[in-house]
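The values are calculated or read from the model by the stated rules, or taken from the named source; none is laboratory data. These numbers come from a predicted model, not from an experiment. Using ideal geometry, Cβ is built from the backbone for each residue, glycine included, and neighbour counts are taken over all protein chains shown. The area values use the complete protein model at the heavy-atom level, side chains included, leaving out ligands, DNA and RNA. Shrake-Rupley method; radii C 1.70, N 1.55, O 1.52, S 1.80 Å.
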Amino acid sequence: MSFIVKNTTLINPLDLIAPHSCRGCGSLGDPLCKCCKKYIINNHINICPNCKTKIKHNKCPNCKNLPPTYTIGFREGLLNKLIHDYKYQPTRALGKTFAHLLDSILPNINDAILVPLPTATNHIRSRGFDHTYLIAKHLARLRKYKVKKLLLRTKNTVQVGSDKKTRFLQAENAFTINHTIKSSHQSTYILFDDVWTTGASMKTAIKKLKEANIKNIVVVLLAVSRI
Ligand SMILES: [Zn+2]
Ligand SMILES: [Zn+2]
């Protein structure tokens with residue numbers, strides 16, 4: 001079963017009597033217990049989000065234009081449930097959970113600057129927090145990275161439900177470089193987004209950074225959609 005419905009307000013009954021219940025096994029305490037976290041990490045596969053091939057290291061042999069990419073896995077099963085609850089319940093505490101999962105799968109990256117893809121302001125308003133920025137902030141704390149809002153959203157382009165062609169057209173003009181932030185050519189810029197669906201947002205973000213003469217780019221995603 002896939003969770004693609006926006007604005008789902010179903011509440012986990014266990015959350016009414018306890019602060020959190022594990023989305024994997026239902027045990028009380030954390031939104032993801034240690035065992036279920038271990039399960040996700042052990043089953044983690046790095047996938048090229050563009051051609052969906054399993055990649056051994058970080059570069060896809062088929063997609064040479066794509067920077068080194070890291071993902072937790074396909075958007076399915078428990079990972080899909082966590083993303084759904086984080087975005088549409090919405091469960092703020094999962095921001096920290098995702099940061100810990102990413103910390104477990106990412107290699108050491110020196111002098112890294114995290115650049116979360118900007119979220120539409122209407123989504124921030126409805127959730128009460130900026131979901132990609134929150135994960136980036138927690139991850140930066142764990143890794144001693146910097147977070148910079150190097151990309152800005154030009155308008156409230158809403159991608160949910162849009163077809164692939166429309167998404168690419170929307171994304172093309174959705175982001176702009178924040179020129180108030182000075183970029184460093186020695187640093188590695190980690191573009192971070194939650195899910196790669198059509199890839200329209202991330203491809204635009206990569207293009208914008210390259211246009212700003214940024215060469216060291218890495219892509220980090222929570223999950224890749226199979227479609
Ligand atoms: Zn569990
Ligand atoms: Zn590929």
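For the stretch 45-224, the mean projected area of the C-alpha convex hull, equal to one quarter of the hull surface, is 9.8 nm². Annotation: extensible slack from ASN58 through LYS210 equals 52.8 nm (criterion: 0.36 nm per residue apart, minus Cα-Cα distance). Amide H to amide H distances under 5 Å link LEU151 with ASN178, where only residues 5 or more positions off or on other chains count and H is placed in the peptide plane. Between HIS179, THR119, VAL224, the Cα set farthest toward the positive side of the dipole of the chain (charges on each charged residue's Cβ, about the Cα centre) is that of HIS179. Only beta bridges with both residues in the stretch 45-224 are counted; by DSSP, about 15 percent of them are antiparallel. Pairs to check: LYS52/LYS203; LYS144/LYS203; LYS34/LYS59. Give those whose C-alpha atoms are more than 18 Å from each other in this structure. Pairs exceeding the cut-off: LYS144/LYS203; LYS34/LYS59. Karplus-based coupling profile of the stretch 33-48, in residue order and whole Hz: 6, 4, 5, 6, 5, 4, 4, 5, 5, 5, 9, 5, 10, 8, 10, 6, with θ = phi - 60° in 6.51 cos²θ - 1.76 cosθ + 1.60 and x standing for Gly or Pro. The stretch between ARG92 and LEU169, if pulled fully straight at 0.36 nm per residue, gains 24.6 nm over its current Cα-Cα span.
Backbone amide hydrogens, once placed in the peptide plane, bring TYR189 within less than 5 Å of ILE113, ASN216, ILE217, VAL218, excluding anything fewer than 5 places away on its chain.
The calculated FRET efficiency for ASN42 paired with GLU76, based on their beta-carbon distance and R0 = 22 Å, is about 0.90. Full extension of the segment from LEU152 to HIS185, taken as 0.36 nm per residue of separation minus the current Cα-Cα distance, would add 9.9 nm. Within the same chain, aspartates and glutamates fewer than 8 places from LYS37 are excluded, and of the rest, those with a Cα less than 18 Å from its Cα are GLU76, ASP85, ASP103, ASP194. Taken one residue at a time, the phi angles of the stretch 129-135 give Karplus couplings (6.51, -1.76, 1.60, θ = phi - 60°) of 7, 8, 5, 6, 5, 4, 5 Hz. Gly and Pro are set to x. Each label was represented as a point 7 Å from its Cα along the Cα-to-Cβ direction; for THR176 and CYS51 these points are 3.6 nm apart. Here the accessible area of the stretch 45-224 is 50 percent carbon and sulfur, with a 1.4 angstrom probe and all protein chains present.
Excluding ligands, DNA and RNA, the accessible surface per residue across the chain is 52 Å² with a 1.4 Å probe. Here the Karplus relation 6.51 cos²θ - 1.76 cosθ + 1.60, evaluated at θ = phi - 60°, turns the backbone of the stretch 52-65 into coupling constants of 6, 7, 6, 10, 5, 10, 10, 10, 7, x, 8, 10, 5, 7 Hz, with x for every Gly and Pro. Taking a straight line from the alpha carbon of LYS210, these aspartates and glutamates sit under 16 Å away, with near neighbours fewer than eight places off in the same chain left out: GLU172. Among the listed pairs LYS182/LYS215; LYS148/LYS182; LYS81/LYS148; LYS96/LYS146, a Cα-Cα separation exceeding 20 Å is found for LYS81/LYS148.
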